[in-house]
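The values are calculated or read from the model by the stated rules, or taken from the named source; none is laboratory data. Note that the coordinates shown come from a computational prediction; the quantities given were computed from them, not determined experimentally. Here Cβ is always computed from backbone atoms with ideal geometry, including for glycine, and neighbour counts include all displayed protein chains. The protein model used for the area step is the full one, side chains on, heavy atoms only, and it has no ligands, DNA or RNA in it. Shrake-Rupley method; radii C 1.70, N 1.55, O 1.52, S 1.80 Å.
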Amino acid sequence: MRFGLSRLILLLLVPLISLPGCEQPQVEFVFSKKTNELMPQAAKPVKEALLNHFGNPFALTQFEGLPTDFGDIQGTVKSVEPSEKDQPLIRFHVTGLENTYHKLQGLPLKWTSGKGQGQVLRIKSYKYETSTVAVEKSAEITPQAGDTFLVECVRLQQGRDLYNRHCMHCHGMSGEGTGPTSRYLNPPPRDFRLGIYKYTSTKPTKKAQNADLARTVKEGIAGTYMPSFKLLTDDEVSAIVNYVVWLSIRGETEKKMVDELFQEYSKEELAERTSEEGGETKEEVLEELKDFMEEDFPDTVEFATSSVADAWEEANLEDSVVVPREPRVADTPESRERGRKLYLSERTKCATCHGPQGRGNGTATQDFWTNPVTNQKYPDRGLHDIWGNQLSPRDLHRGIYRGGRRPIDSYRRLFSGIKGTPMPAFGGSLSDQELWDLVNYVMSLPYDGNR
Amino acid sequence: MGKGWCLFFLFWPVAAVASCAMAPFVNWSFPYDNAQAASNLGIRIDGLFYLILVITAIVFIGTQAVLVYALWRSVNNREKRAMHIHGNHKLELIWSIIPGVILLFLSIYQMNIWADFRIKKYFPEAAVKAPLAEVTARQFEWRFRYPAIGKKLQQKPQSDDLYSVNELHVPFGKPVLIQLRSDDVQHSFFLPALRVKQDALPGLQIPVWFEANKPGIYDLVCAELCGWGHYKMKAHVIVESDGEYQKYLKNLTQKQFYDGLGKIASKDSSRESEAAEK
């Protein structure tokens, strides 16, 4: 009997203990490895700037000037609930939020009229059914019936919820590509923070269009672990893409700021500068950093965000898309033969990586390559992508096309290259006719016996 | 306390029968609001289900009634002692033969349906002759390969095959056959609305046929735990009229051979573009 009772109590305790675990964890965005390698005094302003401009996953922040659909919603206070003196929150019923997203907790609420005009508060809780908003009490703001306000980042929050549900477990909370399931995957999930996407319809130097990302979400990437999310509605997909691009912008902004500081103020550099050879004292370095922070850093932040935002905006313009000047050359044996000769020629050097038979085993896979970021040789043979993963050139016989199997997809891969990988862009060096010949040859390989 | 136990043993069968009886009205029954199966074979399979349900219900209610009756009788008759019986040949024969006959009846009765569903010899000829598509299950999505319009599905991929993912279009009112494969681990092709379920095994190609009898959008889910993303391995099977199905294929052809300028060229361009326009 003793066995039964004590064990039974233990057994009952287990679900009780695990209950608090059901709450949504208040996770924060992570910072890049390079940011954490800065000396703490230099990393702090970077982190602060990011927090000010982007917030955290559960406290999103609106930052003007980004090509992001934040989705502000206007509301009006209908009535204010009377509250006790010692209650920390003040609740009020509102109108205007009925047809919008139902989860607004954590979003900034900006008063646009009344006593607190211009002030921003975080929504502490929100009940969609009764349209009740609760914010923290403060001396300056006493909401009155009829006051108007903006709830910011509603669309972004919707994207965040969908992202956290469908994408986060691989791509990570900050889009850093290290979610809990990512360790089981090869190729690893994309790290969005470089703002580089492989399969785009845009010109070589341009970023991805939102439509490209939406296509990837909907169709998945054959041959990788990225599955198709076709059952999501178009609206949901566009909310996810909106959020993913925003995560990219955050990561790129961070990178640009850190790159500005890294040369002079990394931990490693500090050690070198304060060593005997460097001959500086720590105080001198800190003094210099302080000057930089006061004079140049604001401009750096400004430039980082605006250049990233401009690049994304530009990618979505119509003339960023690669459109062939000539229609596809008829897929005849002659065209394929011309393509084959081009493939083997010195002009394209396709065979160096993809192999003379297109088996993905060219001689380049046996070389040691130089990392374009650090200018050092990779420790292992073969090609690498910009994220540092080893990358084998595609075996063209497998009939799996990660970026889509339409002729236009292959054309665009050839025209613009594959961004972030050693696959070069041929749009400038080959004519349309030649590109289409190559497309015809490459797309015929999977069906060509064993040649 | 004796009567209490009687009530206790009475309560459970009554609760079981009551919950069974109300199941169709509170959505505990067949999926999709207890809708009739969307295929004729599915309706026959449901018939089997109901037959077995009726048989087991009769047996269950009968045995429970006897149990409660026996309890009740002895509670009211405390004088009479229980007695031991060492074997009763007649009784044993009865309780062996009756279930045996029932099981034999069920196994013979369902044979036709099973054969129609699973034995290749009895598959509808039209479906076997021209398989609709190859379905490849993969962690964690469904990929489909249709033959080009007017062509037959080949074992190996062809250059003019049509591809789609997580969306299978099927004409209704006509039996179709799909070749089921798996790219990685075990999956299961489950169409709840049509009562079709077949495991997909790596290295095997398994033919599955079904005939939808009404248009609609049906769920295709994976019914074999295949990994951490099993829950999201879901697709739609879109059952539509033959005309719409042909239109879909034409559309798919056009999309797949899109060259960025809205023109379609292929190996022998006259026939291909004709096929696309048809």
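Quick check: anything in region A:268-278 within 25 Å of residue A:35 (Cα to Cα), free of Cβ contacts under 8 Å to residues at least 60 places away in the same chain, assigned to a loop (DSSP other than H, G, I, E, B) and in contact with a helix residue (DSSP H, G or I) (Cβ under 8 Å, 6 or more places away or on another chain)? Yes, region A:268-278 contains at least one residue that is within 25 Å of residue A:35 (Cα to Cα), free of Cβ contacts under 8 Å to residues at least 60 places away in the same chain, assigned to a loop (DSSP other than H, G, I, E, B) and in contact with a helix residue (DSSP H, G or I) (Cβ under 8 Å, 6 or more places away or on another chain). I'd like the full set of residues that are open to solvent by 30 Å² or more (accessible area, probe 1.4 Å) and either hydrophobic (A, V, I, L, M, F, W, C) or in contact with a Pro (Cβ under 7 Å, 6 or more places away or on another chain) (or both), limited to region A:341-352. Listed by number, the list holds a single entry, A:344. Among the residues of region A:356-372, those that are touching a Ser or Thr at 6+ places or on another chain (Cβ under 8 Å) and either open to solvent by less than 50 Å² (accessible area, probe 1.4 Å) or assigned to a loop (DSSP other than H, G, I, E, B) (or both) comprise A:360, A:362, A:364, A:365. Residue under question is residue B:185, and the condition is that it be in contact with a Cys (Cβ under 6 Å, 6 or more places away or on another chain) and over 14 Å from residue B:206 (Cα atoms); does it hold? For residue B:185, the condition - in contact with a Cys (Cβ under 6 Å, 6 or more places away or on another chain) and over 14 Å from residue B:206 (Cα atoms) - is met. Only one of the numbered conditions (1) modelled with pLDDT under 90; (2) open to solvent by 60 Å² or more (accessible area, probe 1.4 Å) is violated by residue A:256, and that is (1). In region A:389-405 there is no residue matching the filter, namely being part of a loop (DSSP other than H, G, I, E, B), among the aliphatic types (A, V, I, L, M) and either at positive phi or more than 14 Å from chain B (Cβ to nearest Cβ) (or both).
So, residue A:435, is that one part of a helix (DSSP H, G or I) and within 14 Å of another protein chain (Cβ to nearest Cβ) or not? Outline the logic, then answer.
On the way: part of a helix (DSSP H, G or I): yes; within 14 Å of another protein chain (Cβ to nearest Cβ): yes.
Spelling it out, residue A:435 is indeed part of a helix (DSSP H, G or I) and within 14 Å of another protein chain (Cβ to nearest Cβ).
If the condition is being in contact with a strand residue (DSSP E or B) (Cβ under 7 Å, 6 or more places away or on another chain) and not in a strand (DSSP E or B), then region B:162-174 contributes B:166, B:172.
Any residue that is at negative phi, more than 14 Å from every other protein chain (Cβ to nearest Cβ), at pLDDT below 95 and open to solvent by 90 Å² or more (accessible area, probe 1.4 Å) - is there at least one of those in region B:130-144? Looking for residues that are at negative phi, more than 14 Å from every other protein chain (Cβ to nearest Cβ), at pLDDT below 95 and open to solvent by 90 Å² or more (accessible area, probe 1.4 Å), one finds none in region B:130-144, hence no.
Residues in region A:391-432 that are among the polar types (S, T, N, Q) and touching a helix residue (DSSP H, G or I) at 6+ places or on another chain (Cβ under 9 Å): how many? Spell out the reasoning first.
As a first pass, look at region A:391-432 and keep what is among the polar types (S, T, N, Q): A:392, A:410, A:416, A:421, A:429, A:431.
Filter again for touching a helix residue (DSSP H, G or I) at 6+ places or on another chain (Cβ under 9 Å), leaving A:392, A:410.
Residues flagged as among the polar types (S, T, N, Q) and touching a helix residue (DSSP H, G or I) at 6+ places or on another chain (Cβ under 9 Å) within region A:391-432 amount to 2.
Condition check ((1) surrounded by 21 or more Cβ atoms within 10 Å (Cβ to Cβ); (2) among the polar types (S, T, N, Q); (3) within 30 Å of residue A:118 (Cβ to Cβ)) across all residues:
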residue: A:161; (1), (2), (3): no, no, yes
residue: A:174; (1), (2), (3): yes, yes, no
residue: A:182; (1), (2), (3): no, yes, no
residue: A:196; (1), (2), (3): no, no, no
residue: A:201; (1), (2), (3): yes, yes, no
residue: A:208; (1), (2), (3): yes, no, no
residue: A:211; (1), (2), (3): no, no, no
residue: A:228; (1), (2), (3): yes, yes, no
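Cβ-Cβ contacts under 7 Å between residues 6 or more apart (or on different chains), taken from a first residue in region A:180-205 that is within 16 Å of residue A:223 (Cβ to Cβ) and touching a residue at least 40 places away in the same chain (Cβ under 8 Å) to a second residue that is basic (Lys, Arg) and part of a loop (DSSP other than H, G, I, E, B), are listed as A:198/A:419; A:199/A:402. In region A:314-324 there is at least one residue matching the filter, namely being surrounded by 13 or more Cβ atoms within 10 Å (Cβ to Cβ) and touching a Phe, Trp or Tyr at 6+ places or on another chain (Cβ under 9 Å). Annotation note: Cβ proximity below 6 Å between a residue of region A:218-242 that is within 7 Å of chain B (Cβ to nearest Cβ) and more than 15 Å from residue B:236 (Cα to Cα) and a residue that is among the polar types (S, T, N, Q) and open to solvent by 40 Å² or more (accessible area, probe 1.4 Å) (sequence gap 6+ or interchain) occurs for no pair.
Among the candidates B:85, B:113, B:108, B:102, the residue that is assigned to a helix (DSSP H, G or I) and open to solvent by 80 Å² or more (accessible area, probe 1.4 Å) is uniquely B:108. When region A:335-375 is examined, which residues are found to be more than 17 Å from residue A:418 (Cα to Cα), charged (D, E, K, R) and either out of contact with any His (no Cβ under 9 Å at 6 or more places or on another chain) or not assigned by TED's automatic domain parsing to the domain that holds residue A:414 (or both)? If the condition is that a residue be more than 17 Å from residue A:418 (Cα to Cα), charged (D, E, K, R) and either out of contact with any His (no Cβ under 9 Å at 6 or more places or on another chain) or not assigned by TED's automatic domain parsing to the domain that holds residue A:414 (or both), then A:336, A:337, A:338, A:340, A:341, A:346, A:347, A:367 are the ones that fit. Contact map, region B:15-38: first residue at pLDDT 85 or above, second residue open to solvent by less than 50 Å² (accessible area, probe 1.4 Å) and of a type in the set (Ser, Thr, Tyr), Cβ cut-off under 8 Å, separation 6 or more or different chains; pairs are B:23/B:29; B:38/B:218. For region B:162-171, residues that are away from every other protein chain (no Cβ under 14 Å) and within 17 Å of the chain's Cα centre (by Cα) total 1. Across region B:1-43, the number of residues qualifying as among the polar types (S, T, N, Q), in a helix (DSSP H, G or I) and open to solvent by 70 Å² or more (accessible area, probe 1.4 Å) comes to 1.
Just checking: which of the strands (runs of 3 or more DSSP E) contained wholly in region B:175-262 hold 2 or more residues that are within 14 Å of chain A (Cβ to nearest Cβ) and in contact with a Pro (Cβ under 8 Å, 6 or more places away or on another chain)? First the steps, then the outcome.
Details: elements: B:176-182, B:187-191, B:196-200, B:206-210, B:216-222, B:234-240.
Of the strands (runs of 3 or more DSSP E) lying wholly inside region B:175-262, those with at least 2 residues that are within 14 Å of chain A (Cβ to nearest Cβ) and in contact with a Pro (Cβ under 8 Å, 6 or more places away or on another chain) span B:216-222.
None of A:448, A:437, A:385 is of a type in the set (Asp, Glu) and in contact with a His (Cβ under 9 Å, 6 or more places away or on another chain) except A:448. Residue A:251: buried (at least 20 other Cβ atoms within 10 Å of the Cβ) and in contact with a strand residue (DSSP E or B) (Cβ under 6 Å, 6 or more places away or on another chain), yes or no? Judged against the criteria, residue A:251 is not a match. Among the numbered conditions (1) within 28 Å of the chain's Cα centre (by Cα); (2) in contact (Cβ under 8 Å) with a residue 12 or more places away in the chain; (3) surrounded by fewer than 17 Cβ atoms within 10 Å (Cβ to Cβ), the only one that residue A:375 does not meet is (2).
Every residue, every condition in (1) touching a residue at least 24 places away in the same chain (Cβ under 8 Å); (2) hydrophobic (A, V, I, L, M, F, W, C); (3) touching an Asp or Glu at 6+ places or on another chain (Cβ under 9 Å), yes or no:
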{"site": "B:106", "(1), (2), (3)": "yes, yes, no"}
{"site": "B:122", "(1), (2), (3)": "no, no, yes"}
{"site": "B:132", "(1), (2), (3)": "yes, yes, no"}
{"site": "B:177", "(1), (2), (3)": "yes, yes, no"}
{"site": "B:181", "(1), (2), (3)": "yes, no, yes"}
{"site": "B:193", "(1), (2), (3)": "yes, yes, yes"}
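Taken over region B:64-77, the residue count meeting the criterion of being open to solvent by 80 Å² or more (accessible area, probe 1.4 Å) and free of Cβ contacts under 8 Å to residues at least 24 places away in the same chain is 4.
Picking from A:80, A:46, which residue would you name as being open to solvent by less than 30 Å² (accessible area, probe 1.4 Å) and on the phi < 0 side of the Ramachandran plot?
Working: A:80 fails: open to solvent by less than 30 Å² (accessible area, probe 1.4 Å).
Sole residue among the options that is open to solvent by less than 30 Å² (accessible area, probe 1.4 Å) and on the phi < 0 side of the Ramachandran plot: A:46.
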